[in-house]
Every structure is written in structure tokens, then in C-alpha cells.
Amino acid sequence: MKLPINIARLQGEIDTLALITEGQPPVVTRVLFSEADLRGRALVKNLCREAGLVLREDAVGNFFARWEGTDKSLPPVATGSHIDAIPNAGKYDGVVGVLGALEAIRALKQAGFQPSRAIELIIFTSEEPTRFGLGCLGSRLLSGVLPPEKAALLKDREGKSLETWRKQAGCSGRLNSVRLRPDCYSAFIELHIEQGLVLEKTGQAIGVVEKIAAPSTLRLQLTGVGGHAGATLMPGRRDALLAGAEIALAVEKAATTTGSPDTVGTTGILRSEPGAVNSVPCRAYLEIDLRDTLVKTRDAALREIEQAARAICRRRRIKLEMERLNVDPPAICEAALVNAITTICRTQKISCRRMISRAYHDSLFMAQVCPTTMIFIPSYKGYSHRPDEYSSPQQIEKGVAILAATLAQCAGSRA
Ligand SMILES: [Zn+2]
């Protein structure tokens, strides 16, 4: 079946959504529940309505656009991604999996396809951790990985809570109503840009994800003693920033000595207070991201970092508060889905490879709910989370074609 995918329309919609930003285009910044995020959501909701899909939204702002199937007794097949964007990001991360999935649905509709199962497009709340320091907020709640009581305690840097933010954004209902019941979906397939170099290097058009790396995040607050940079002599200083700097180096050491090439550790945040050139830093704040495809090596490195942080702070007489924000398991994707997509690629004469997702996505949590996999398309130079992130219309079109064929097959193909 050759589907009437309208790549010009899809590219136009991607470009339009990219103009809804807190930054100056081509910079895309859409932090959860910001004015830009809300306008972006409104745009996508309108496009879904125009496509004849039925919308509903849950208490945390995940929204669902449904194409009803002919057999209402069957659980739907789901697809989707996110439209929130970290500061200074590009226009394809997440968006390709939302607007691309919408185009896949429109193409199937136009081709006269009648799904047996409903097909549901999910737009997840806050895949990016910018607002609350926790990524995949929506899918964590949907899967039950994040208890609603814990989510209700989340606060942003200004101390404004998730409860306040979501109500202000018009999300009603209680957070404990968000969790999906088991068997609510037959499968979940997320289309996404690779955000790495594998496909570009190998010249393949599609990546089918077999495994998603296990992420974890540590948050540390270090409290030392401040003072005048001139008047406080070096002996006996309790400089919180220097302890933080040593910890950042310990992260690098832990990540490079596990023996696994897949371990990656990053101290992405290291802030100090009071932040004046003539003042000894009395406080430092760190966030550390550590991942591996193997839970065992990841957890060993995590423990090593925690031990190092304790030892460094003891030696420097710094008070340490350390918290594991998330320690997630890796996801193993459903073999039957991976095989089905590889076969579809072969039939359509589109090159593909099986691969690991080193970035994590809402799929990591949807894998706890139902059989899940991801379809990757190439990213120019592997760039992502920056304004020059790029995938060509032809690359996107292939991803949409494979997603559409997969959805059709999972929904009961009677085109
Ligand atoms: Zn993403």
C-alpha cells in the first residue's frame, strides 16, 4: 500500500510549531506549562481535531487523540511523543513523533484504511526535565513508575508546585487518576529522531530500537562556609564549589572505569552561591546524569559516585545532602514489534538496522505498560537539543511511512 503522505504539509506544521517558542527563532524553547508550551499544545490539539480525532486530556496534561476502530472491544494501538523543548533546542526532537504520527494517521484515513483497533496518538507532558528536574513526568505517571503522591510534591526552582502549575494550565482532576490500567493498549510505537550518529554514519534510513539505556539522576546540595575572598585565608576554607568540582571529576572517573563502553556520566548542572567574584562559595548545587544499557554497571558506578561525594565532603568539611531523583531500569523492546517493523522496512525497500537508544524517551515508561518499540530516523551530525538539529523531509517521510504501516498492521489492516 503506497500511502498519500503529505510531507509538505507535515514540514509546514513542524515549521509553524517551531515558531511557537520562548526564544528567538530558530531557537526553540518550550518549557512545560510556559505560555509557549500551552500555545504549542493548542496548535497540536487543533490539528488533531481537524483530522477528525477525538481528544481527551488527563490530570497532568497528557493528551490523547483517538481514531476510533471498528471493534471497540479491542485495546487500541498507541503512538506519540512530546512537544516540550529544553531551552535553546531545535524543532524535531519529540515533534517528529507527534506531528509525524498525525500525518501517518491522516495518510491512513485518506487511503481508506479502516482500523479494527482504535489508533491513539499520545502527547506526553514534560518529557524534558527542565521545569521539575524530572524527565518523562507524564509517562512516569501513566505507567505508575512515579507515585502520584510523589509527583504532587514536585516543585520548580522558584518553589512553584506541579499542583499549582497544572491547575493554572487548566488540567483538572486528581493525579492518581492518570495511571493507565493494564492492557489498555495493545502496543506503543514512538517515532523519534536518533539524536546520535549511527544512522548517518551507516547511511541507513530507519533504526528499530531493541533496548533503551537505563538512566539515573542524582541531585546534590553542598553547604560550606562563605566569606570575603580577600579576608578569608586559604587554610581552613570550606568552599562548596571546590567540593562540587571534585565530585564532577569523580563522576567522570566512575563513568570511564566501569569496563562498559555504554556507561556515560555527566555533571550537567554545577551552580554556586552567592555567585560573586569576591565571595567564597558557601553553597553548591549539582545534578548528575548517569546511564548504561546494563543496570548492574550503572548501579555500581552510581554507588561509586555517591561514596566519592561523601568522602570529598567529609575531607573538605562540607555538609552534603544527596538525593537519587530517579534510578530507572532499562527497557527491552518487544521482539515481535521489532521484527514486524524490520519486515515492513524490507518490504518497502527502506534500509534499516536494529539499535540501542542511549537517550531515554517516554517509550522507556510505556514499555512498563504494553509492548513497546521506537522507530528512529537520522539526525544531521547527531545534533540534538540545539537549534541546528535537523532531519530532512525525505528522512521524515520514510519514518512516517514505516510508522503508518506499523500502526496499520497493529490495528488490523484492512486497507
Ligand atoms: Zn525527545
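The values are calculated or read from the model by the stated rules, or taken from the named source; none is laboratory data. None of the values given here were measured: they were computed from a predicted structure. Here Cβ is always computed from backbone atoms with ideal geometry, including for glycine, and neighbour counts include all displayed protein chains.
Some values worked out for this structure:
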{"item": "Single condition Asp388 does not satisfy, out of (1) within 23 Å of Phe113 (Cα to Cα); (2) in contact with a Phe, Trp or Tyr (Cβ under 8 Å, 6 or more places away or on another chain)", "result": "(1)"}
{"item": "Selection status of Arg303, of a type outside the set (Val, Ile, Thr), free of Cβ contacts under 8 Å to residues at least 60 places away in the same chain and more than 24 Å from Gly135 (Cα to Cα)", "result": "no"}
{"item": "Tally, over the range 256-281, of residues that are assigned to a loop (DSSP other than H, G, I, E, B) and free of Cβ contacts under 8 Å to residues at least 60 places away in the same chain", "result": "12"}
{"item": "Qualifying residue in the range 375-388 (condition: buried (at least 20 other Cβ atoms within 10 Å of the Cβ) and under 20 Å from Pro4 (Cβ atoms))", "result": "yes"}
{"item": "In the range 200-222, the residues that are among the aliphatic types (A, V, I, L, M) and within 16 Å of the ligand (Cβ to nearest atom)", "result": "Val209, Ile212, Ala213"}
{"item": "Residue count for the range 317-343, restricted to those that are part of a loop (DSSP other than H, G, I, E, B) and either surrounded by 14 or more Cβ atoms within 10 Å (Cβ to Cβ) or in the same structural domain as Ser186 (by TED's automatic domain parsing) (or both)", "result": "6"}
{"item": "Those residues of the range 349-381 which are within 15 Å of the ligand (Cβ to nearest atom), among the charged types (D, E, K, R) and outside any loop (DSSP other than H, G, I, E, B), in sequence order", "result": "Asp362"}
{"item": "Conditions (1) at pLDDT 95 or above; (2) touching a Leu at 6+ places or on another chain (Cβ under 9 Å): number failed by Leu134", "result": "(1)"}
{"item": "Residue tally, condition over 14 Å from Ile5 (Cβ atoms) and either over 22 Å from the mean Cα position of the chain (by Cα) or in a helix (DSSP H, G or I) (or both), over the range 389-405", "result": "0"}
{"item": "Some residue of the range 134-150 being surrounded by fewer than 21 Cβ atoms within 10 Å (Cβ to Cβ), in contact (Cβ under 8 Å) with a residue 60 or more places away in the chain and under 13 Å from the mean Cα position of the chain (by Cα)", "result": "yes"}
{"item": "Flag for Arg346 being surrounded by fewer than 19 Cβ atoms within 10 Å (Cβ to Cβ) and out of contact with any helix residue (DSSP H, G or I) (no Cβ under 6 Å at 6 or more places or on another chain)", "result": "yes"}
{"item": "Hits in the range 198-224 (condition: more than 16 Å from Lys296 (Cα to Cα), not in a loop (DSSP other than H, G, I, E, B) and not aliphatic (A, V, I, L, M))", "result": "Glu200, Lys201, Thr202, Gly207, Glu210, Arg219, Gln221, Thr223"}
{"item": "All positions within the range 161-180 that are of a type outside the set (S, T, N, Q) and either under 22 Å from the mean Cα position of the chain (by Cα) or not in a loop (DSSP other than H, G, I, E, B) (or both)", "result": "Leu162, Glu163, Trp165, Arg166, Lys167, Ala169, Cys171, Leu175, Val178, Arg179, Leu180"}
{"item": "Filter result for Thr257 (under 22 Å from Phe132 (Cβ atoms) and at pLDDT 95 or above)", "result": "no"}
